[in-house]
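Shown next, in structure tokens, is the structure this report addresses.
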Amino acid sequence: MSDASFIEPPRRTGEGRLPGDPTPRERVARIIRVDHAGEYGAARIYAGQLAVLGRTDARPLLEHMAAQEAVHLETFARMVGERGIRPTALLPLWHVAGYLLGAGTALLGRRAAMACTVAVEEAIDAHYRDQAAALGEDERELRETIERFRAEEGEHRDIGLAHEAERAPAYRLLAAVIKAGCRIAIRLSERV
């Protein structure tokens, strides 16, 4: 058989997993659980920002991003139900934490709210990229959904940058703290 005639079979989720690694089913459940939690948190961040900045010229911008996050949340909520996946037990915490993060950064001003958006979306971009790479052809629809949402999250990051996120007071520190919080929330929500 020549190399040209060999067609590699489609990659499946969980191929090459090691003993102790999650099964493909467990991995997919973790992905959907954490993405549902993350989109829930994002919706709460925008709710907090809108509560503070909703009567300013930032409203249409925030509403646009919030509307996309609502679609993301609805999509993952549907997947949780259809696949019988247990949502994270931390949703009540993310309910409060997301809102406080949104409102708190908005209280620091529009630039700080945009800095929050940039930091969150940069953390989510890396997270979604890794998830998409871990999914095989058997989870093509989920992978395509994640890639589509990743593109929209990138749009949110670009909006934040275009609206002077980097000019927020203590931008680097603020962004670093928010990104670290996102990474912790991701790790917890996958498992709990």
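The values are calculated or read from the model by the stated rules, or taken from the named source; none is laboratory data. In this text the structure is predicted, and so the values were computed from the model without any measurement. Virtual Cβ from ideal backbone geometry, glycine too; neighbours counted across all protein chains shown. Note: areas computed on protein heavy atoms with side chains; ligands, DNA, RNA excluded. Shrake-Rupley method; radii C 1.70, N 1.55, O 1.52, S 1.80 Å.
Things worth noting here:
- Portion, in percent, of the accessible area of the chain that falls on carbon or sulfur, probe 1.4 Å: 57
- Largest-first principal axis extents, alpha carbons of the range 1-159, Å: 68, 35, 25
- Between helix 110-134 and the chain: long-axis angle, C-alpha atoms, 0 to 90°, nearest 10: 0
- Distance in nm between pseudo-label sites at R191 and A67 (7 Å out along the Cβ direction from Cα): 4.0
- Rolling a 1.4 Å probe across the protein heavy atoms gives the range 82-192 an accessible surface of 51 Å² per residue.
- Tail fraction, Cα-Cα pairs, the range 91-192, threshold 16 Å, whole percent: 60
- 0 to 90° range, to nearest 10: angle between helix 91-107 axis and the chain longest Cα axis: 40
- Only DSSP H runs of four or more residues enter the estimate; each adds -39500 (n - 2.57), and after division by the residues of the chain the mean residue ellipticity at 222 nm equals -26000 deg cm²/dmol.
- Dimensionless Rg ratio for the range 47-116, taking C-alpha atoms and the 2.2 N^0.38 Å reference: 1.27
- Computed from Cα positions, the angle between helix 140-162 and the longest principal axis of the chain comes to roughly 30 degrees.
- 3J(HN,Hα) couplings calculated from phi for the range 184-192 with the Karplus curve 6.51 cos²θ - 1.76 cosθ + 1.60 (θ = phi - 60°) are, in sequence order, 5, 4, 4, 4, 5, 5, 5, 9, 9 Hz; Gly and Pro show x.
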